[in-house]
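Remarks on the structure that follows.
The values are calculated or read from the model by the stated rules, or taken from the named source; none is laboratory data. Being a predicted model, the structure only gives us computed values, none of them experimental. No Cβ is skipped: glycine too gets one built from the backbone with ideal geometry, and neighbour counts run over all protein chains shown. Quick note on the areas: whole protein, heavy atoms, side chains included, nothing else; ligands and nucleic acids left out. Shrake-Rupley method; radii C 1.70, N 1.55, O 1.52, S 1.80 Å.
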Amino acid sequence: MSPGSAPKGAAGLRADDVPPPEHPKGAKALAGGLAGWVDDRTGTARPTSYLLKKVFPDHWSFMLGEIAMFSLVILLITGTFLTFWFVPSAGQVIYNGSYVPLKGIPMSEAFRSTVDISFDVRGGLIMRQLHHWAALLFTVSITVHMFRVFFTGAFRKPREINWVIGTILSLLAINEGFTGYSLPDDLLSGTGLRAAEGFIQSVPVVGSYMAYFVFGGAFPGEAIIPRLFTVHVLLLPAVIIGLFTAHIVLVAVHKHTQYPGPGKTNDNVVGYPFMPVYLAKSGGFFFIVFGITALMAALVTINPIWMYGPYDPTAGTAGSQPDWYMGFADGALRLFPGFTEFHLFGFTLSLNVFIPSLIVMPLLYTIAGAYPFIESWVTGDKREHHLLDRPRNAPTRTGLGVMAISFYLILFIAAGDDLIAIKLGLSINQIVRTLQVMLIVVPPLAYWVTKRICMSLQRRDRDLVLHGHESGRIVRTAEGSFFEVHEPLPEPERWALVQHETLTPLRLTARVDANGVERKSTRRERLRAKVSSFYFTDGVQSVTPAELTAAHHDGSAREAIETGQDGSDSGSGDQEWVGQLHGGAEERPETDAYASHDDGADPASAP
């Protein structure tokens, strides 16, 4: 047999067989075997594969939630470090540490251990400052993230539960921050605890008993610091981590929302897979957040308790302020009218303290948590929404959000009314009266102005879709008239302006049924119709395909299109101007003398 001939028989039948792939060896084999062993016993391969292939959209505003998550990680790391040296005890000792100005001063063990962490523990001060700055960043990022979710309508079905979880997380973050900065037992935090004890005592009838129970006796007592430590280190972190985990799981289950655009629908997500793209980007972003937080901690001092000194009930300072996230509650306390304190059946009802300190905060967060269900009831919309709204396309919702923010800001400003009076030389009584009036007048005004701005922006978008961008090119027609040529929008840009739907107010059903019997509408139906009218009466309709087509025509042709008639038989070969969309530029025939010539030919030479 010649060397070039094909083998015969059984050898010839297996000549084209591909040898089986070699099994991995070494580290790959070990990793694969371990993964198979774990999957056989836990069944984690499928959910892990699902997570790694999960697609996340790419937009800067989605990073706000990541900042909150990364700040929580920093808090857990630095908080663990601090617990190694912090002593949660109110027992009195004499300070004899390295900070000379405090030597020989009696103080609690909590305060002494905090000073020791700041000056005697290697890296202790930077850890304390990292912890405090991360706490502030955690709270503010949750707040701003909630603003983004609210204004874009990301709370709609199926994400109502996630919105409620986020609302609870925001409230817990505030309380976690309060318990945290109360632990050092310095003069500032002690003043805050004294105020908290007064808030508890303002509860009608049982307030004094509740204060004794919380503080373990008369204020300040020695039980409150250990109790706050337990709540701050064990109870609240466990709840926050649990809710945060549930929040992330629901995000994965519901799939991530995305901003509208070409190719983006309620049935898909346009973005990058979690592995490797999104994981790499998130990892890099974590180090950016950690680096900025570390930079602030290294360069900007926060909560220097050694300057305040240990807490002394007889040395409360004027001008003391809580951390910023407690400012609105402090402001509500200062603006609430004092005439709401009165005597009844031998009891003093201090409603001027009880309502703003213990009712306002839970009430505001309850309203915020219930808003998705309120809007769903008003609109009657039970569909799933995975595309976000542009805030301008929901003017009532956006107006309500700005109204809430203005209400919050006025309360926040009121928390510093005494400092404003001192620095500006004004009467504190006049400042309080002015802020009380503003609290009633400014939020409705902010709502009205914001809604009108949103509607104006909608009308501008509508005009932009119908008439395009101005080109700056002026054209004179054969009849001697002038107009500016407008360029049509690119389809991706136009899609973002027309893809939304405009809801209309709900109508009450007919008062008379098919048999002529008058139908009695329920009070709930009438209320729903009124609220729906409040939401949607002034809505600006988005541009429809018929309107866009009609805008390309003039006169009878436009009227025919708008009425649904066929106007295609109007003179197709004439040279007259047949429309004014984009200045009529798109309606000119190619042979027109005023048409643009990209090839540089002389217009006069056109055939």
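Quick one: if the Förster radius is 35 Å, what FRET efficiency do residue 314 and residue 239 give, using the C-beta to C-beta distance and rounding to 0.05? Given R0 = 35 Å and the Cβ-Cβ separation, E is 0.45. For a label point 7 angstrom out from the Cα of residue 168 toward its Cβ, which stretches of segment 247-281 have the backbone nitrogen within less than 12 Å? Answer for segment 247-281: 247. Within the accessible surface of segment 381-534, defined with a 1.4 Å probe on protein heavy atoms only, the carbon and sulfur portion equals 61 percent. Determine the sum of side-chain charges near residue 530: Lys and Arg each +1, Asp and Glu each -1, restricted to other residues whose C-beta is under 13 angstrom from that of residue 530. Once all neighbours under 13 Å are counted, the net charge is +4.
Looking at segment 41-111, the accessible area is 55 square angstrom per residue; that uses a 1.4 Å probe and ignores ligands, DNA and RNA. For segment 127-210, relative contact order (Cα pairs under 8 Å, six or more residues apart, normalised by length) works out to 19 percent.
Using the Cβ-Cβ distance between residue 423 and residue 256 with R0 set to 41 Å, the FRET efficiency works out to roughly 0.35. On segment 261-344, 69 percent of the accessible area sits on carbon and sulfur atoms, based on a 1.4 Å probe. Largest first, the three principal axis extents of the alpha carbons in segment 98-191 are 61, 26, 16 Å in whole numbers. Ranking 163, 495 by solvent-accessible area of protein heavy atoms (1.4 Å probe, all protein chains present), from largest to smallest, gives 495, 163.
Trypsin sites (Lys or Arg not before Pro) within segment 308-415: which are DSSP loop residues with at most 15 other Cβ atoms inside 10 Å?
Passing sites in segment 308-415 are 382, 383.
Highest average first, the peptides 292-300, 448-456 ordered by how many other beta carbon atoms sit within 10 Å of their residues are 448-456, 292-300. Summary of packing: across the peptides 542-550, 305-313, the per-residue average of other C-beta atoms within 10 Å ranks them, highest first, as 305-313, 542-550.
Each peptide in 416-422, 109-115, 362-368, 342-348 receives the mean, over its residues, of other Cβ atoms within 10 Å, and ordering these scores from highest gives 109-115, 416-422, 362-368, 342-348.
A full extension of the chain between residue 306 and residue 384 corresponds to an added length of 22.6 nm, given 0.36 nm per residue minus the alpha carbon distance. Probing with 1.4 Å while keeping every protein chain in the model, the per residue accessible area of segment 273-403 equals 51 Å². In this structure, the pairs whose alpha-carbon distance is over 21 Å, taken from 54/281; 53/281; 451/530; 53/255; 53/382, are 53/382.
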